[in-house]
Amino acid sequence: MTDFRIDLRRGALITAALALLCSLFHVLPANAEPTPFADCPAATLCLYSGADGTGERRDFTDRQNLESYDPAWDGRTLSAKNNTALWACVYGDPAYGGVLQTVKPTNPDAYAAGAVRSHKLVPTRARCFTGYERCPDNRVCTFTEPNGRGAMTVHLPKTDPATRNYGNGYGTGAMPKSVWNRTQKHVCFYPEPTFTGGWTDPVDSRKYGAYVVLRGDSTTVPAPFATSIRSHELVDGTAECQ
C-alpha cells in the first residue's frame, strides 16, 4: 500500500513538470527577432541603410575615416552602431562639413535620410568639431567652413621670388572660412587677387592692410576678412605684407 502511494505521488510530480515544460514551449515565439546591431563586428563603426541596424551594412575602422562616400552610398545611412572605443563623428556634408552629430563609444544612433555624408573616428568628442588635421606639413590649407571643416584646398608653393606666392585667385565662391599655416613663414591674406588691398572694420573703422596668420597657427577667419579673401603670400616677417 505504501509503495502504491509513493508511485502516485511521483506520477503527479512528473505530470506537473511536463505540463510546466509544455507551457514554456508554448509561449516561446517560433522565430525570435534578432537583436538590433548584433551583426556589427567588434572595433568597427557599422553604417546601415535601414533603421535599427537593418538593410545593407558598411563597416569602417579608425583607418577608414571617409570625407565623402561613393554615390551609391552617399546619404543612405539611416542607423549606425559605433562598436569601437572611439567617438564617431558623422556629418551632413562631405569633408566633415554641415550638421555634426556624435556617437559615444559602443552606442547606436539613428538618422534622417540624407543626413550622413562623411564621418571620422576620434579619441575625444572635441575633435569632432575640427578638421585641421587633414592639412599636410609645409602647406597652407584653407577650408570652406570654420574650424578646419568643409572642403579643403592645399596651396602648394611656387618659386616666383617676386611674389613668394602659395596660392591666389580664390574666386568668389571658395573663399576660406578657416586656415592652417603649416609652413615656416607667415601668411598675408588680401582682398584683391593681386596681393594688394585692405579691409576696414565695420565696428570701429580700423583699417587693415592684410590679414596675417602666423607660422604654425590655425584659425577661423573673423569679420571683416571672412568671405572676402582673394589671394595670399608667404613672408619672413609681417612687415613684408603689401
Checklist line | Criterion violated by W73 - all others in (1) under 12 Å from the mean Cα position of the chain (by Cα); (2) without any contact (Cβ under 8 Å) to a residue 40 or more places away in the chain satisfied | finding: (1)
Margin query: So, in segment 137-164, how many residues would count as being modelled with pLDDT of 90 or more and part of a loop (DSSP other than H, G, I, E, B)?
Written below: 8
Checklist line | Residues within segment 200-242 that are at negative phi and either assigned to a strand (DSSP E or B) or among the β-branched types (V, I, T) (or both), tallied | finding: 18
Next item on the list: Exactly one condition in (1) touching a Leu at 6+ places or on another chain (Cβ under 7 Å); (2) at pLDDT below 95 is not met by E67; state its number.
Entry: (1)
Notebook entry, point to check: Would a scan of segment 107-120 turn up a residue that is surrounded by 15 or more Cβ atoms within 10 Å (Cβ to Cβ), out of contact with any helix residue (DSSP H, G or I) (no Cβ under 6 Å at 6 or more places or on another chain), part of a strand (DSSP E or B) and of a type in the set (V, I, T)?
Noted result: no
Checklist line | Output for segment 68-106, where each listed residue is closer than 19 Å to P146 by Cβ and either among the acidic types (D, E) or not in a loop (DSSP other than H, G, I, E, B) (or both) | finding: C89, V90, Y91, G92, D93, G97, G98, V99, L100, Q101, T102
Notebook entry, point to check: How many residues are closer than 17 Å to T220 by Cα and surrounded by 15 or more Cβ atoms within 10 Å (Cβ to Cβ) when one looks only at segment 121-138?
Noted result: 8
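The values are calculated or read from the model by the stated rules, or taken from the named source; none is laboratory data. This is a predicted model, so every value here is computed, not measured. Because the Cβ atoms are built from the backbone with ideal geometry, glycine has one as well, and the counts that use them run over all protein chains shown.
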